[in-house]
Structure formats: C-alpha cells, structure tokens
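Notes to accompany the following structure.
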Amino acid sequence: MRKIKSALITGITGQDGTYLSKFLLEKGYKVFGTYRRISSPNFWRLEHLGIKDKIKLIPCDLLDEGSLATALKISDPDEIYNLAAQSFVDASFSEPIATAQITGLSVLRLLEVIRLLKPKIRFYQASTSEMFGGVKKGSLNENTPFYPKSPYGVAKLFAHWITLNYRESYNLFACSGILFNHESPLRGQEFVTRKITSAAAKIKLGLAKELRLGNLDAKRDWGYAPDYCECMYLMLQKKSPEDFVIASGENHTVREFVQKAFACLGLDYRDYVKIDKSFFRPSDVPSLLGDSKKAQKELNWNPRKTSFDQLIKIMVEADLERYQQKGPGIIF
Ligand code: NAP
Ligand code: G4F
C-alpha cells in the first residue's frame, strides 16, 4: 500500500503557509504546521480557506531548538517547508537583531535538528529576491551574485548559504526557492500591494479618505502566491536538491500598481495618494526582475498563469467584498 506522505510547514499561519497547506492537502498529504504561541493566535487565513481543521497545528518557537525537535518528532514528516520568518523588510531596519535571529539563525537551528534527528527529510528554504538587492543587472537568475540591501536580505542570505552548506557537507536533501514578490488576497496588510488594494476598496466604500505611501518608483516583479507555492512542492519532488529562481519575468513600479488598482474601481489614484516620508526605507531596492527559465524548463512551471492585471483585479475584488460584508473594523 502507498504510504501517505506528510509535510511539516513552519509559518503555516502566513500567506504562503496557507496556500501551500491547501495545495498539499489536495495532493493527499497529511499536513502539520507550526505556529507561534501568542495571546491571540493568528489563524484567520487558514479559516478563510476552510482548512484549519484539516491541519495538525503544533506550537513551536523558532528560537527554541527543543520545540523544533518536538515538532519534528510529532510530525515525522517526509518534507519540511521552512516558511516562518520575520518577513517584512521595513521592520528589519527597526528590529535588525530579532530579524537576524528569526529569519537567519533559526534556519541553522532547524537544519541542525534535521541533521541530528531525521537526515532523510527533504527540506525547502524560503529564499528571496531581496538577496539580490542592489545588483545592477537586467534579469536575475540562479547564477547572479547577491548584494542584499536590508537586514532582512542579509539574514535571508545567511539562511540561503547555510542551507547550501548543509546540502554539501552532510548530503541533506536541502534546497532553496529564490522567490520574487508574490501577492494575494491573503497578503499581510503592511506589504505595499495589499495596503493599496485594501485602501482602494475602503475609499470606494467611503470608509477611508486617503492612502499614504512611500517610494512609488520602486519596481518589483510581482506574481500570484498560489502559483508560486506550487513550485515549492515541485522542487522537493526532484531527484536531487537544487535551487531555483521563481519569478514572473516582468516588473512594474509601485505607481503602476496603485494606478491600476484604483482604476479597477473607477478611481484616479492621484486624488487620494499622499507621499509620506515615514514609509521610505534607509535603503530601498530600486528594481527587481527575475529570470525563471530554469524553473520553466526543469519544473515545467508556467510563470504567466496569472498576469499582473489579473493579480490586481483578484486582490481589489477580494478587498471590496470583505469591506462590503464586514465593515472597516475587522482584521484580516
Ligand atoms: P508571512 O505572511 O509574513 O508569514 C510569515 C510566517 O512566519 C507567519 O506564519 C508568522 O507567524 C511566522 N513567524 C514570524 N515570526 C515568527 C517567529 N518569531 N516564530 C515563529 N513564527 C514566526 O510571509 P509569506 O509572504 O507567507 O512568506 C513566506 C516565506 O517566504 C517567508 O520566509 C518570507 O520571508 C519568504 N518570502 C516571501 C516572499 C513574498 O513575496 N511573499 C518572497 C520571497 C520570500 P504569525 O502569523 O504569528 O505572524
Ligand atoms: O511590499 P513591500 O513591503 O515588499 P518588499 O520590500 O519587496 O518585500 C517583499 O518581497 C520580498 C521579495 O523580494 C520578500 F522577501 C519579503 O519577505 C516581502 O514579501 O515593498 C515593495 C516596495 C518597496 O520598494 C517599498 O519601498 O514598495 C515600496 N513602498 C512604497 N510605499 C512601500 C510603501 N512598501 C510598503 N510596505 N508600504 C508603503 O507604504
């Protein structure tokens, strides 16, 4: 009889953790997820997709090796997807040491636990295009040298290299997906895309009057999160572990995003957007553009499944529906 595969997802309460859980459940996986113990646990995304009761949730602190080891023992997984992180670049400037601990060093803690307890596990690390940061080059791929521009990018680069180091030193099946920005209606509200779509919906409904933003000239290569989560799974099904860039292959300014999001609702963003210096970063990444040819060829992945315009429409419509139904006070 075929064994049911099991997966452990750290950061299951986040955007990607939720979409990946849904994807793996549909594939027949038994899904375990770690969450951090806080006064009001953050399960709204899992509830939103109606999958919370299908997942075995394990409290686990990334800073505590013992709790990581316990999570591994309880779940005994075939695959681990390490998605937990302090993932907000801006916050990494105000909390650089916590970011280094959570986003960087915790990956080493987890790899050590895997090496010592269950070295046959397949391990996925959530690397990021932010590691390329200040690289001045057209299109970025697996061979482009890194140049992180934020404490977050530096922490992720440590995590990236230590994953590669454990693969080479201990022969672990450990690999990294270098994912470019990916968004959805489940994106956290502090990230610029969701901040924009949420504000546009509130303005349309008369629940807000303006939107305050920082650098409108920054360019990002934005894709749709569920399309990107599929790649994480595909990477762990390969014969041998390798790193992959996952990106749409086109980039746009924040200004273009905000213009199109407001236009979806028949609004002109110039009537509502105010530039606010407090949203500028000590150093920002001016432009990111990815080249995912390797993933297209070797993982048979399609970067154009959801276009930029479709992504914006999906997010704007979801936020409009939320605020129409629930009003401004609800947190999601
Ligand atoms: P997200 O929505 O911010 O989710 C992050 C997850 O990490 C949440 O479950 C969060 O828990 C958890 N977490 C944060 N601090 C923690 C701590 N101290 N201990 C334990 N758990 C903690 O991020 P995402 O967009 O899903 O991204 C998933 C991963 O991919 C992250 O590692 C991110 O850095 C990386 N990444 C994201 C993108 C992107 O564009 N989305 C691109 C490249 C790489 P709470 O729910 O309790 O906050
Ligand atoms: O939406 P953002 O905060 O995303 P950022 O910094 O690109 O990071 C995201 O993508 C990374 C992949 O490259 C992930 F690794 C990371 O975890 C995260 O998911 O900001 C995008 C751009 C920046 O240039 C920022 O300066 O938008 C600009 N921006 C302009 N006004 C703003 C705002 N960003 C935010 N969050 N809020 C603003 O008001």
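Note on the chain: GNM, Cα springs under 10 Å; of I275, I162, I102, the largest mean-square fluctuation is that of I275.
Calculated FRET efficiency, F279 and L25, Cβ-Cβ r, R0 30 Å, to nearest 0.05? Spell out each step's value before the answer.
On the way: r = 37 Å, r/R0 = 1.23.
In this case the efficiency is close to 0.20.
The distance separating the Cα centre of region 70-100 from that of region 115-147 comes to 15 Å.
Would you mind classifying region 126-230 by shape? Square roots of the alpha carbon gyration tensor eigenvalues, ordered a ≥ b ≥ c; an a/c under 1.5 is rounded, otherwise it is prolate if a/b is larger than b/c and oblate if not. Spell out each step's value before the answer.
Details: a/c = 2.83, a/b = 2.05, b/c = 1.38.
Since a/c reaches 1.5 and a/b is larger than b/c, the shape of region 126-230 is classed as prolate.
Put a dot 7 Å past the Cα of I38, heading toward its Cβ, do the same for N165, and the two dots end up 3.0 nm apart. Each Lys and Arg Cβ is given +1 and each Asp and Glu Cβ -1; about its Cα centre, region 68-212 then shows a dipole of about 320 debye. Contact order, relative form, for the chain: 17 percent (alpha carbon pairs under 8 Å, 6 or more residues apart, mean separation divided by residue count). How high is the FRET efficiency between D268 and K3 when r is their beta carbon distance and R₀ equals 56 Å, given to the nearest 0.05? Computed FRET efficiency for D268 and K3: 0.45.
Using Stokes-Einstein with the Kirkwood hydrodynamic radius over Cα pairs, what translational diffusion coefficient do you get for the chain at 10 °C and a viscosity of 1.306 mPa s, in µm²/s rounded to a whole number? After rounding, the answer is 78 µm²/s. Length gained on full extension, K313 to R212, computed as 0.36 nm times the residue gap minus the Cα-Cα distance: 34.3 nm.
Expressed as a whole percent, the accessible surface of the chain that belongs to carbon and sulfur atoms is 51, based on a 1.4 Å probe. Cα-Cα over 28 Å: which of K209/K260; K27/K297; K30/K239; K73/K305? Violating the 28 Å Cα-Cα cut-off are K73/K305. At a probe radius of 1.4 angstrom, the accessible area of the chain per residue rounds to 46 square angstrom. What whole number of Å gives the distance from the Cα centroid of region 176-191 to the Cα centroid of region 14-60? That distance is 17 Å.
The values are calculated or read from the model by the stated rules, or taken from the named source; none is laboratory data. These numbers were taken from a predicted model, which means no experiment stands behind them. Please note: Cβ atoms are built from the backbone with ideal geometry, for glycine as well, and neighbour counts cover all protein chains shown. Areas reflect the complete protein model, heavy atoms only, side chains present, ligands, DNA and RNA absent. Shrake-Rupley method; radii C 1.70, N 1.55, O 1.52, S 1.80 Å.
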